[in-house]
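Chemist: Take this structure first; my questions come after.
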Amino acid sequence: MTKPETPARADPEPTEAPAGADPEPTETPVGAGAEPPGTPTGASLELRRRYTAADLAVFTRDEASRFVPPGDGDPEDDIALAWELLYRLEPELYDRLASAERLHPGVVSWLPRHVDQIAEVGAGTGRLTMELGGRGRRIVAVEPALPLRRILRRKLAAAGHGDRVQVIHGFFDQLPLPDGFADLVVACSAFTPSPAHGGEAGLAEMERVCRPGGCVAIIWPNHLDWLACRGYRYVSFPGPMSVEFTSLHEAVELAGIFYPQAAGEIQRRGSRKVPFEVIGINPPRDLAFKVLAG
Ligand SMILES: C[S@@+](CC[C@H](N)C(=O)[O-])C[C@H]1O[C@@H](n2cnc3c(N)ncnc32)[C@H](O)[C@@H]1O
């Protein structure tokens, strides 16, 4: 196993390994490993059945132009659409799920420290954002879904990060930030090669707002080959990982919606902690990154 290649930057600690005495991560060019499913594609029929075409009215014009397929979509046939509806119609439910699916600590430790400005895209309710508080002088969290922005602002204020982290509206393919704005541009469980959720235009935008010598990081990536073709390298952190619900009751309730195939087993085990293998999705233990030429 090799130490991770830390993003090159003028700031100190460019070659520091992830904090902690845990086993070292494996780093390979992206594409060397299997393609993980990622959260959205691991979702269930239950989630798709939760919404109907009538719910599409919740989207703004800009959202609809990205998320609703031409000729009108149907969330029952389109899991990506169902997730977008979840963010807008039941944002607290999404927040409960994301809070349980915590990132591997190695992922957060790996990110460059003591950077000046950070931009996060698709910040949601802050699974990563809440961990970035101590890293940058200024953090801008870009999130298109208004209900998620509200929850994120509330959580940041409660944690005392309200002044340091600015939560703004925006999309991958049209980031409202200047060229070279950030030392670290990051997305967590949000970017995909699909134009609606990033794609070529979104990746180009992330790289545009990253300063020369800065780092673009895609956390919990899917489509590793696609990223490898664009010069991204891959880091994965080992060790057992579980989804940690607040209670067994919550584990059973949320599994019924998000991982129904595992609900019976979760009930049988009788624990609020559910190993990712039980659920059958890849854990949030990895990232793909590119250090831009200085
Ligand atoms: C699975 S959630 C992840 C949220 C958060 N980063 C986390 O890890 O919990 C995906 C996020 O990407 C956002 N998103 C979807 N399409 C987007 C786009 N085109 N541009 C920016 N963000 C987008 C969603 O609104 C949602 O917050």
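Chemist: How big is the C-alpha Rg of the range 240-294 next to the rule-of-thumb value 2.2 N^0.38 Å, as a ratio?
Modeler: On the way: Rg = 15.0 Å, N = 55, 2.2 N^0.38 = 10.1 Å.
Compared with the compact-globule rule of thumb, the range 240-294 sits at 1.48.
Chemist: Counting Lys and Arg as +1 and Asp and Glu as -1, each charge on the Cβ, what is the dipole of the range 99-243 about the Cα centre in debye, to the nearest 20?
Modeler: Numbers: 16 positive and 13 negative charges, 113 e Å.
It works out to roughly 540 debye.
Chemist: Under the rule of at least 5 residues apart or a separate chain, name every residue whose amide H is placed under 5 Å from the amide H of residue 123.
Modeler: Here 142, 143 satisfy the definition.
Chemist: Using a cut-off of under 18 Å, list every residue of the range 75-92 whose amide N is near the label point 7 Å from the Cα of residue 261 along the Cα-to-beta-carbon line.
Modeler: Output list for this probe position: 77-80, 83.
Chemist: May I ask you to evaluate 6.51 cos²θ - 1.76 cosθ + 1.60, the Karplus curve with θ = phi - 60°, for each residue of the range 127-138 and list the ³J(HN,Hα) values in order in whole Hz, giving x for glycine and proline?
Modeler: Each residue of the range 127-138 in turn: 3, 8, 3, 5, 8, 8, x, x, 9, x, 5, 9 Hz.
Chemist: State to the nearest 20 debye the size of the charge dipole of the chain about its Cα centre, where the only charges are +1 on K and R beta carbons and -1 on D and E beta carbons. Can you show the working numbers first?
Modeler: Values: 31 positive and 40 negative charges, 157 e Å.
The dipole of the chain has a size of about 760 debye.
Chemist: Classify the range 113-200 as rounded, prolate or oblate from the Cα gyration tensor: take a ≥ b ≥ c as the square roots of its eigenvalues, call it rounded if a/c is under 1.5, otherwise prolate when a/b beats b/c and oblate if not.
Modeler: The shape class here is oblate.
Chemist: Okay, helix-only estimate at 222 nm for the chain: each DSSP H run of n ≥ 4 adds -39500 (n - 2.57), divide by all residues, round to 500 deg cm²/dmol; what do you get? Don't jump to the answer; show the numbers that get you there.
Modeler: Working: 13 runs with 101 residues, N = 294.
So the calculated ellipticity at 222 nm is -9000 deg cm²/dmol.
Every number in this text was worked out from the coordinates using simple rules, so none of it is lab data. Computed from a predicted structure; not experimentally measured. No Cβ is skipped: glycine too gets one built from the backbone with ideal geometry, and neighbour counts run over all protein chains shown.
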